[in-house]
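Peer 1: Once you've had a glance at the structure underneath, I'll fire off some questions.
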Amino acid sequence: MWRGPDTLITAERSLAPVAVHRVGAEARLDSSTWMGRAVVLKQRVVKGYRHPILDKSLQAFRIKNEVRLMLEARRAGIAVPVIYSVDLAENRIVMEEVKGMRVKDALEELPKEKAEEVAGKIGEIAGRLHAADIVHGDLTTSNMLLEGNRIVTIDFSLGSKTSDLEDKGVDMHLLEEAFHSAHYRRSELFEVVKDSYVKTYSGGVDVLKKVKEIEKRGRYTRKE
């Protein structure tokens, strides 16, 4: 639960036994139930090589940052999982479990017309994020879930609040890379993404120009 920009309110209730959802370098995701709701528990991994006080401080900062970005994204009209509880003592967020498939997988199976519709929604999501000066940090189709007709954006753990053109350019470059690697059979769909992006975000043309600059510098050059 949330009360203002600087105060996190914990509303922990007993959790049912958990089932491992995914384990990553920075966080562990488990499925469970909380107050009768299907939830995902996102628990940040303690880093043993850090001083415990420093690690605790960093974990708390990153949890708060992720929660703030998710709430700001929701205010910008972007579907994100509902956050039920934040427990800084346990480095944990309890959030809605979205019953959908990854857009990464869906785009490989959908008929062309539906895939183009999804691509348009992806561009709109990116545009709404950047119009609100939210940089996702890992903007790929792996971090989007297709639930019915809506796309739910997840995992803001690498995100930031910034108006920096470079950061937005890197966001869009990562998304473009996803279409040229995971969706290479349908890479042309990124043109639909771009069209939707610039229609949604007035600064979109400048961001896409920055993407070209980033590629030319060679730092993020795509291998054809």
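The values are calculated or read from the model by the stated rules, or taken from the named source; none is laboratory data. Fair warning: this is a prediction, and the values are worked out from it, not measured in the lab. Using ideal geometry, Cβ is built from the backbone for each residue, glycine included, and neighbour counts are taken over all protein chains shown.
Peer 1: Take the residues in segment 90-114 that are part of a helix (DSSP H, G or I) and touching a residue at least 60 places away in the same chain (Cβ under 8 Å), then tell me which one is surrounded by the most Cβ atoms within 10 Å (Cβ to Cβ).
Peer 2: Selected residue: L107.
Peer 1: With the condition kept exactly as written, say whether any residue in segment 119-131 is surrounded by 19 or more Cβ atoms within 10 Å (Cβ to Cβ), farther than 22 Å from L29 by Cβ, modelled with pLDDT under 95 and not charged (D, E, K, R).
Peer 2: No; the residues of segment 119-131 include none that is surrounded by 19 or more Cβ atoms within 10 Å (Cβ to Cβ), farther than 22 Å from L29 by Cβ, modelled with pLDDT under 95 and not charged (D, E, K, R).
Peer 1: Something else about it: Does E72 satisfy the condition of being touching a Lys or Arg at 6+ places or on another chain (Cβ under 8 Å), at pLDDT 80 or above, surrounded by 15 or more Cβ atoms within 10 Å (Cβ to Cβ) and not basic (K, R)?
Peer 2: For E72, the condition - touching a Lys or Arg at 6+ places or on another chain (Cβ under 8 Å), at pLDDT 80 or above, surrounded by 15 or more Cβ atoms within 10 Å (Cβ to Cβ) and not basic (K, R) - is met.
Peer 1: Just to verify a result, which residue in segment 143-176, among those that are acidic (D, E) and surrounded by 15 or more Cβ atoms within 10 Å (Cβ to Cβ), is farthest from E109 (Cα to Cα)?
Peer 2: D167
Peer 1: Scan S142, S196 and give me the residue that is more than 28 Å from I63 (Cα to Cα), assigned to a helix (DSSP H, G or I) and among the small types (G, A, S).
Peer 2: Being more than 28 Å from I63 (Cα to Cα), assigned to a helix (DSSP H, G or I) and among the small types (G, A, S) holds for just one of S142, S196, which is S196.
Peer 1: Suppose we filter segment 115-139 for residues that are free of Cβ contacts under 8 Å to residues at least 60 places away in the same chain and in a strand (DSSP E or B); how many remain?
Peer 2: Summing the residues that are free of Cβ contacts under 8 Å to residues at least 60 places away in the same chain and in a strand (DSSP E or B) in segment 115-139 gives 1.
Peer 1: Is it the case that L145 is within 15 Å of the chain's Cα centre (by Cα) and modelled with pLDDT of 95 or more?
Peer 2: Spelling it out, L145 is indeed within 15 Å of the chain's Cα centre (by Cα) and modelled with pLDDT of 95 or more.
Peer 1: Could you tell me whether any residue of segment 73-84 is over 30 Å from E188 (Cβ atoms), of a type outside the set (V, I, T) and more than 14 Å from the chain's Cα centre (by Cα)?
Peer 2: yes
Peer 1: List every residue pair whose Cβ atoms sit under 8 Å apart, with the two residues 6 or more apart in sequence or on different chains, where the first one lies in segment 185-209 and is touching a residue at least 40 places away in the same chain (Cβ under 8 Å) and the second, anywhere, is surrounded by 14 or more Cβ atoms within 10 Å (Cβ to Cβ) and aromatic (F, W, Y).
Peer 2: From residues that are touching a residue at least 40 places away in the same chain (Cβ under 8 Å), the pairs are R186/F179; L189/F179; F190/F179; V193/F179; G204/Y197; V207/Y197; V207/Y201.
Peer 1: What single numbered condition from (1) hydrophobic (A, V, I, L, M, F, W, C); (2) at pLDDT below 95; (3) touching a Ser or Thr at 6+ places or on another chain (Cβ under 9 Å) fails to hold for L54?
Peer 2: If we test L54 against (1) hydrophobic (A, V, I, L, M, F, W, C); (2) at pLDDT below 95; (3) touching a Ser or Thr at 6+ places or on another chain (Cβ under 9 Å), just (3) comes out false.
Peer 1: Which residue out of E177, E191 is within 18 Å of I125 (Cα to Cα), modelled with pLDDT under 95 and part of a helix (DSSP H, G or I)?
Peer 2: Sole residue among the options that is within 18 Å of I125 (Cα to Cα), modelled with pLDDT under 95 and part of a helix (DSSP H, G or I): E177.
Peer 1: Something else now. For I78, only one of the following conditions fails: (1) among the β-branched types (V, I, T); (2) in a helix (DSSP H, G or I); (3) within 21 Å of H136 (Cα to Cα). What is its number?
Peer 2: Condition not satisfied by I78: (2).
Peer 1: Kindly provide the set of residues from segment 57-69 that are within 18 Å of V39 (Cβ to Cβ) and either modelled with pLDDT of 95 or more or in contact with a helix residue (DSSP H, G or I) (Cβ under 7 Å, 6 or more places away or on another chain) (or both), ordered by number.
Peer 2: Scanning segment 57-69 gives E66, V67.
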